[in-house]
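Bear in mind these aren't lab numbers, they're just calculated from the coordinates by the rules spelled out. Because the structure is a prediction, the values reported are computed rather than measured. We place every Cβ from the backbone using ideal geometry, glycine too, and count neighbours over all the protein chains shown.
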Amino acid sequence: MNEVAVLVVGAGQAGLSSAYHLRRRGLRPGTDFVVLDHAPHPGGAWQHRWPTLTYGRVHGMHALPGMELTGADPDRPSSEVIGAYFADYERAFALAVRRPVHVRSVRDAGDGTLLVESSAGEWRTRALINATGTWDRPFWPRVPGQETFRGRQLHTAGYPGPDAFAGRSVVVVGGGTSAVQHLMEIAEVAAATTWVTRRPPLFREGGFGEVQGRAAVALVEDRVRRGLPPRSVVSVTGLPMTEAMHRARERGVLDRLPMFDRVTPEGVAWADGRAVAADTLLWATGFRAAIDHLAPLRLREPGGGIRLDGSRVVRDPRVHLVGYGPSASTIGANRAGRAAVHDVLALPGMPAPAAVSPRIEDTLSTKR
């Protein structure tokens, strides 16, 4: 049985931010706290991004605390740039991330601690910072006739880039940023594209400043405070209109149809008799929080979500969700990681935060 004061699950932006602040407060990696990561390599969800999403096209990427990302080639795939950056970050601060480790369940041990069962054995911890994100839980809507479709169906989680759709007739389902990016790429090589969304897309012209950003986060935060499943921050900010999107709209690529009523063997169809033939359905329909391993703790509220106070779970203050709901953005994950560490170290039985040694302080300060 392994024992630590704090266990961090996930080594994406939220997990690494939390680990950084644990170390800044004097806790020792591998001894006082451990980071377990399901992914085989550093980079969080970024390592899975499609190859045509270059670093220069990434929207809203904020650096991890204590170390900037500098000198990156904007034409290099974001998966490579950010994956290398996360790997350098883990080494620079000696975070000793253990991977690949799959966390199966988290239970109340009955003595004030939590019992974490994983592919790397069992861990007993006084607090859990859960930073598992959403990438492992792609959301597939269920539509009548879906199983009869004779073509190919895939989710944005497995999007391979536009070349795989050359000469195809493609229906892209979803109203988010990824759907629009996929659609514009595919339209350059496909025989035909059709865009389908449940609600009319909201395009945002002009700037999006701090005031608007805080208002959007507040809407998401209100839901988790009421124990409702979170909506993504992007879902309330709208789609930022770019020059490329203007051009695509002029060409008709962004002409949107309402959600179809059923899938047919040859494509999709609506109740009014309209139909579109297709050989490929791309579901850019988002993700859900990967928190099934927390089910034994019974944290969900009647509304279906987990009620939070900041990042702290109201039903069990030993558990913090970082990168969930209002902290799902990269800057939100940074802030939530720091706040979670502050609250976790105030729990009974935690080691007293030690002064950071001069050697560590020198390392951290040079990376800021």
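Separation of segment 266-308 and segment 3-73, taken as the distance between their Cα centroids, equals 27 angstrom.
Counting only DSSP H runs of at least 4 residues, each contributing -39500 (n - 2.57), and dividing by the residue count of the chain, the helix-based mean residue ellipticity at 222 nm comes to -7500 deg cm²/dmol.
Each residue of segment 261-275 was assigned a 3J(HN,Hα) from its phi angle through the Karplus expression (A = 6.51, B = -1.76, C = 1.60, θ = phi - 60°), giving 8, 7, 9, 10, x, 9, x, 9, 8, 10, 5, 7, x, 5, 8 Hz with x at Gly and Pro. For ALA248, the shell of other residues with beta-carbons less than 11 Å away shows a net charge of -2, using +1 for Lys and Arg and -1 for Asp and Glu. Could you calculate the FRET efficiency of ARG300 with GLU250 from 1/(1 + (r/R0)^6), where r is the beta carbon distance between them and R0 is 45 Å, rounded to 0.05? Approximately 0.50, to the nearest 0.05.
Cβ neighbours within 10 Å, averaged per peptide: list 70-81, 26-37 in order, most packed at the top.
26-37, 70-81
The angle between the Cα long axis of helix 330-344 and the longest principal axis of the Cα atoms of the chain comes to about 30 degrees, rounded to the nearest 10. Along the Cα-to-C-beta direction of THR31, a point sits 7 Å from the Cα; which residues of segment 100-142 have their amide N less than 19 Å from that point? Inside the label zone: 124-127.
Axis of helix 210-225 versus longest Cα principal axis of the chain: the two differ by about 80°, to the nearest ten degrees.
Against the chain, whose longest principal axis comes from its Cα atoms, helix 177-187 is set at around 40 degrees. Peptide packing for 314-323, 107-116 was compared via the average number of neighbouring C-beta atoms within 10 Å per residue; ordered from the highest value, the list is 314-323, 107-116.
Karplus-based coupling profile of segment 41-46, in residue order and whole Hz: 9, x, x, x, 5, 4, with θ = phi - 60° in 6.51 cos²θ - 1.76 cosθ + 1.60 and x standing for Gly or Pro. Sorting 169-179, 7-17 by their mean Cβ neighbour count within 10 Å, with the most densely packed peptide first, gives 7-17, 169-179.
Along segment 276-286 the Karplus relation, 6.51 cos²θ - 1.76 cosθ + 1.60 evaluated at θ = phi - 60°, assigns HN-Hα couplings of 10, 7, 7, 10, 9, 10, 10, 8, 9, 10, x Hz to successive residues, with x for each Gly and Pro.
With springs connecting C-alpha atoms under 10 Å apart, model the chain as a Gaussian network and identify which of ARG199, ARG49, ARG288 has the largest mean-square fluctuation. Result for the chain, Cα springs under 10 Å: ARG199 fluctuates most. A cut-off of 5 Å between modelled amide H atoms, ignoring neighbours fewer than 5 places along the same chain, links LEU257 with TRP195, VAL196, THR197. Counting only DSSP beta bridges whose two residues both lie in the chain, roughly 40 percent are antiparallel.
Taking amide H as placed 1.01 Å from N in the peptide plane, GLY30 has its amide H under 5 Å from the amide H of VAL35, each at least 5 places away in sequence or on another chain. Length gained on full extension, ASP222 to ALA109, computed as 0.36 nm times the residue gap minus the Cα-Cα distance: 37.5 nm.
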